[in-house]
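The structure appears below as structure tokens.
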């Protein structure tokens, strides 16, 4: 989250936890179709119009970041959604391990 906020255009994103009252209200009104008890995905709601989930949500976030992170958008949009969602799920399953590896490398630098 911090990485996105730090590298996105000013005021582009607002993070709303699914478990919060505001998040539950979005689900109740039908804007989001995520189970708040078991959120397994990100959802990106763009201008109250369209919702992107999983891989496409990440692609949409990358689209609004600054250089060099915007390069991820150009690469990721070439990946078909069905394959991207599998990559997203794999990263999600191994998120804790990946975070530990990144932290270890940061400490060594």
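Bear in mind these aren't lab numbers, they're just calculated from the coordinates by the rules spelled out. None of the values given here were measured: they were computed from a predicted structure. So basically every Cβ, Gly included, is an ideal-geometry build from the backbone, and we count neighbours across all protein chains shown.
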| remark: In nanometres, the difference between 0.36 nm per residue of separation and the alpha-carbon distance of residue 82 and residue 6 is 24.5 nm
| So, by mean Cβ neighbours within 10 angstrom, what's the order for 82-92, 52-62 with the highest one leading? | 52-62, 82-92
